[in-house]
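Have a look at the structure below, then the notes.
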């Protein structure tokens, strides 16, 4: 799943480590999310949305073909 996390993080001028601390995950989790290697839980998605001040839908790009549905 693609995300806009890196774009939003850079616009807010925060590092991966700072974002990880803010949402209570590891830096590696943020890296994996940014690279599309990890799917966030609903709780983490909500924390990210709150941190960035956007909706969950504005962070995550859902592609039915990619998800094999």
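Points to keep in mind about this one:
- Of all residues in the stretch 1-25, those being surrounded by fewer than 16 Cβ atoms within 10 Å (Cβ to Cβ) and out of contact with any helix residue (DSSP H, G or I) (no Cβ under 6 Å at 6 or more places or on another chain) number 11.
- Filtering the stretch 1-26 to residues that are more than 11 Å from the chain's Cα centre (by Cα) and either part of a helix (DSSP H, G or I) or without any contact (Cβ under 8 Å) to a residue 12 or more places away in the chain (or both) leaves 10, 11, 13, 14, 15, 17, 18, 21, 22, 26.
- Note on the stretch 27-64: among residues that are buried (at least 16 other Cβ atoms within 10 Å of the Cβ) and in a loop (DSSP other than H, G, I, E, B), the one that is modelled with the lowest pLDDT is 38.
The values are calculated or read from the model by the stated rules, or taken from the named source; none is laboratory data. Predicted model only: the values in this text are computed from it and were never measured. Cβ atoms come from the backbone with ideal geometry, glycine included; neighbour counts cover every protein chain shown.
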